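Notes follow once the structure below has been shown.
The values are calculated or read from the model by the stated rules, or taken from the named source; none is laboratory data. Keep in mind the model is a prediction, meaning the values are calculated, not measured. Neighbour counts are summed over all protein chains in view; Cβ atoms, including those assigned to glycine, are modelled from backbone coordinates with ideal geometry. What goes into the accessible areas is simple: the full protein's heavy atoms, side chains included, and nothing from ligands, DNA or RNA. Shrake-Rupley method; radii C 1.70, N 1.55, O 1.52, S 1.80 Å.
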Amino acid sequence: MDRSILHCDMNNFYASVERLFDPTLKGVPIAVCGDEELRHGIVLAKSEEAKRFGVKTGDAIWEAKQKCPEIRIVPTHFQRYVTYSRYAREIYTEYTDLVESFGLDECWLDVTASRLAFGDGVKIATELRNRIRSELGLTVSVGISFNKIFAKLGSDLKKPDAQTHIPRESFREQIRDLPVESILGVGPKAAFVLHRFGFHTLGALAEADDYFLRLQFGKMGAVMKGYARGEDLSPVLPYDYEPPMKSISHGLTVAKDLETPEQVWTLILSLSREIGEKLRFHKKRAQGIALVCKDRNFFAKTLQKRLLLPTDCTMTLATEAFALFRERYAFREPLRSVTVRAIDLIREEAQQLSLLTAREDVRAERLDRVTDSICARFGRDALTPARLIHTEPLPDLHGYVPFR
């Protein structure tokens, strides 16, 4: 018996939530955007009215205004989106515990075992759409199919407030003329290559030569072809599933370019402080460090190195990241953003003791734990590295979000 998989996608989610709090936004083109002064001024979400003018996610604010002079620019309120995302998931979990998130506004649901209690997938989808509309004031598009890939495809085919059923018996007729980029797993670059060689539809992709796909895309070629043929057995993960943590990262686009190594060090220390707190909270240690630097021309460079010993020490992470920057990054242009990433994580108790362990590292790790306990009791700013108390003009670090 086939599975019954739903994919629920809340329509224009950020913009729709904003309209719940400001009725004057209803019926007019709006774009939810980041802070332009902090160089986050891009469109994160847009209303249906703005879409009709060609406004796209990722457009700069000036581009959106050029396409639609009447557009209303709305600032982001992420806590609102998180709250309404949680409300929707609470509704979903009344039908199944197999609810896998795919961003704040999208979820897969496996309702195979729920059909006896609630009816088939189509009936459950209809009920979910009605409840989201009446209880949250939002609309949702739902795809219903026998696997996750086609359920996602179905939710994309009709918007807003619609549902599409793609059953096994007729999926070939339903999808064969759709463009290759309509299916999950075929990104813009892959679609460009496929179009260049004459593969424009999912039907053509499903019949493509295996050797050609392997030559062009490696293992992913077989995966894309399998998706187009309906070959997807991936499970919907439980609602409370937490994937293994492989890395922890934190990055920031600064309001003013970083022009000196001293400014870069200050930012790296601030980012490493956040990462160190997360590592200790999750009882993890990093075996490597990575650094992503993006200059004012948007050229990004990624660097990484393996650490001599696993660590969760803030100062060790910061020192190693800055050393990596000084040794391997050609600092020719001012930087607009830096990301620090702790990689190759292991469990805290899994670290093997070594005679190479430096006494200073042990003392620093103990100091971090004492600092964590003090900040937990008296507030995060109870103890702050002196370097982060700005005594000279530095880039605005606004946007740094505390872990707790």
Protection-proxy order for peptides 44-50, 188-194, each taking the mean of Cβ atoms within 10 Å per residue, highest first:
44-50, 188-194
Mean Cα-pair separation over length for the chain, i.e. relative contact order, pairs under 8 Å, 6 or more apart, %:
14 percent
Lysine pairs in the stretch 16-137 with Cα distance under 15 Å, only those 8 or more apart or on different chains: how many are there?
9
Unit charges on C-beta of K, R, D, E only; dipole of the chain, Debye:
460 debye
First compute the accessible area of the chain with a 1.4 Å probe, then give the percent of it belonging to carbon and sulfur atoms.
54 percent
How large is the dipole of the stretch 82-194 about the Cα centre if only Lys and Arg carry +1 and Asp and Glu carry -1, each at its Cβ, rounded to the nearest 20 debye?
180 debye
Nonlocal amide H pairs with Gly288, under 5 Å, H built at 1.01 Å:
Leu307, Ile343
Result: in the stretch 274-348 the number of Lys pairs with C-alpha under 22 Å apart, spaced 8 or more or on different chains, is 4
Students often forget the sequence filter, so: which lysines lie under 16 Å Cα-Cα from Lys148 once same-chain residues fewer than 8 apart are removed?
Lys225
Determine ³J(HN,Hα), in whole Hz, for all residues of the stretch 185-199 in sequence, where each value follows from phi through the Karplus function 6.51 cos²θ - 1.76 cosθ + 1.60 and θ = phi - 60°; x replaces Gly and Pro.
x, 10, x, x, 5, 5, 4, 4, 5, 4, 4, 4, 9, x, 9
Options (i) 27, 25, 21; (ii) 32, 24, 22; (iii) 41, 27, 24 - which one matches semi-axes √(5λ) of the Cα gyration tensor in Å as calculated here
(iii)
Note, the stretch 147-164: 3J(HN,Hα) by Karplus (6.51, -1.76, 1.60, θ = phi - 60°), whole Hz, Gly/Pro = x, goes 8, 5, 4, 6, 5, 5, 4, x, 5, 7, 6, 10, 9, x, 6, 8, 9, 9
Cβ neighbours within 10 Å, averaged per peptide: list 57-69, 108-120, 148-160, 239-251 in order, most packed at the top.
148-160, 108-120, 57-69, 239-251
